[in-house]
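The values are calculated or read from the model by the stated rules, or taken from the named source; none is laboratory data. The structure presented is a predicted model; accordingly, all values stated were derived computationally and were not measured. Positions of Cβ are generated from backbone atoms using ideal geometry, with glycine treated the same way; all protein chains shown enter the neighbour counts.
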Protein chains: 2
Amino acid sequence: MASITNSSQNNSRPYTFTLNQLRKVGLRPTRQRLALAKLLFKDGNNRHVTAEDLHSEARREGIGVSLATVYNTLHQFTQKGLLREVIVESSRTYFCTNTSDHGHFFYEKSGRLLDIPADSIEISRIPPTPDGAEIKDIDIIIRIDS
Amino acid sequence: MASITNSSQNNSRPYTFTLNQLRKVGLRPTRQRLALAKLLFKDGNNRHVTAEDLHSEARREGIGVSLATVYNTLHQFTQKGLLREVIVESSRTYFCTNTSDHGHFFYEKSGRLLDIPADSIEISRIPPTPDGAEIKDIDIIIRIDS
DNA sequence: ATAGCTGCAAATGCTTTGCAAGGCC
DNA sequence: GGCCTTGCAAAGCATTTGCAGCTAT
């Protein structure tokens, strides 16, 4: 799907989208954050990346970012609601660009993660929390052995 | 709930249960494995421990076990179907003594984990896997912010 | 100008591994 | 006796942190 045009002209999300998005959540649109946000959101809302993934991708595209900054940025984005953390493996943390309510298919062998649209799965009879505590989130992971 | 009798007389599971259980799955009943198994299963099937937890507990009771052996043992038990791994945090791995199908409440602040009986929750309309792959497991985690 | 960011490298913390010594069958 | 286990310490890895220098506004 690569084209000959340079990557900054090649995004479905225009520059101003990313920029405004950062401003809106109160993060200074620095070069690194802009670049990472563009990578993350350019193909719509269906990416699942690790810090390592995103760091490699950035470097591959010639963006100078340190791994530490990628980690910091991913956590900032998550905190601001631009990303969602998905915990499926103890060894790696995935970040998901789809912040709406949904579950995941997880291919354990390949490490691939796939969204399950909220309307294609349904939990009936959610039990009450033992102490009446408020539910923050419900994670559903369907594990697949391949 | 502590009594004055020594801990080995104090278990709801008799010694031979643990011993046979180990034999049955093909693990040599060594001193360490027996001791850890007794700790894990003594209070029925509702424990959620980390390696660190179990290691501390063992040492508190005067059982000489190294942390590495606790890790190895937990993984062996898991592999043999005596335990189940629960992944809720990227920083820690929990092991659950309840191997039947069930979900979990997870109290994020305190790190407490609580079983959700399978019959008190239900997923309706499980979506087919994209490629017809076989489902290995479905994890349900209800996160609570306290 | 200045508060906030970034990069690097070092530190951290959980988990795994290598290998010699010990224990079960 | 022979093979599986254990223990320890060291290694491994993903992630976090401290701090000096940079940069948006």
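Side notes on the structure shown:
- Subset of segment B:105-146 (residues that are within 21 Å of residue B:42 (Cβ to Cβ) and crowded, with 16+ Cβ neighbours inside 10 Å): B:113, B:114, B:115
- Among the residues of segment B:91-104, those that are touching a strand residue (DSSP E or B) at 6+ places or on another chain (Cβ under 7 Å), more than 8 Å from DNA strand C (Cβ to nearest atom) and in a loop (DSSP other than H, G, I, E, B) comprise B:98, B:99, B:102.
- Enumeration of residues in segment A:65-96 that are within 10 Å of DNA strand D (Cβ to nearest atom) and more than 15 Å from the chain's Cα centre (by Cα): A:66, A:67, A:68, A:69, A:89, A:90, A:91
- Scanning segment A:112-144 for residues that are more than 23 Å from residue A:49 (Cβ to Cβ) and either more than 7 Å from every other protein chain (Cβ to nearest Cβ) or in contact with a Leu (Cβ under 7 Å, 6 or more places away or on another chain) (or both) yields A:119, A:128, A:130, A:131, A:132.
- Assessment of segment A:51-72 against the conditions (away from chain B (no Cβ under 14 Å) and under 27 Å from residue B:128 (Cα atoms)) yields no matching residue.
Residue-by-condition table, conditions (1) of a type in the set (Lys, Arg); (2) more than 9 Å from DNA strand C (Cβ to nearest atom); (3) within 18 Å of residue B:113 (Cα to Cα):
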{"site": "B:24", "(1), (2), (3)": "yes, yes, no"}
{"site": "B:29", "(1), (2), (3)": "no, no, no"}
{"site": "B:32", "(1), (2), (3)": "no, no, no"}
{"site": "B:43", "(1), (2), (3)": "no, yes, yes"}
{"site": "B:54", "(1), (2), (3)": "no, yes, yes"}
{"site": "B:57", "(1), (2), (3)": "no, yes, yes"}
{"site": "B:79", "(1), (2), (3)": "no, yes, no"}
{"site": "B:84", "(1), (2), (3)": "yes, yes, yes"}
{"site": "B:88", "(1), (2), (3)": "no, yes, yes"}
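- Only one entry in A:73, A:69 is near DNA strand C (Cβ under 10 Å from one of its atoms), at pLDDT 95 or above and either under 21 Å from residue B:89 (Cα atoms) or in a strand (DSSP E or B) (or both), namely A:73.
- Scanning segment B:80-90 for any residue that is part of a helix (DSSP H, G or I), hydrophobic (A, V, I, L, M, F, W, C), in contact with a strand residue (DSSP E or B) (Cβ under 9 Å, 6 or more places away or on another chain) and within 14 Å of chain A (Cβ to nearest Cβ) turns up nothing.
- Among the residues of segment A:37-48, the one identified as assigned to a helix (DSSP H, G or I) and more than 11 Å from the chain's Cα centre (by Cα) is A:38.
- In segment A:24-38, the residues that are within 14 Å of chain B (Cβ to nearest Cβ) form no Cβ pair under 6 Å with any partner that is more than 9 Å from DNA strand D (Cβ to nearest atom), whether six or more places apart or across chains.
For every residue, the table says whether it meets (1) of a type in the set (D, E, K, R); (2) without any contact (Cβ under 8 Å) to a residue 40 or more places away in the chain.
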site: B:66; (1), (2): no, yes
site: B:70; (1), (2): no, yes
site: B:77; (1), (2): no, no
site: B:84; (1), (2): yes, yes
site: B:88; (1), (2): no, no
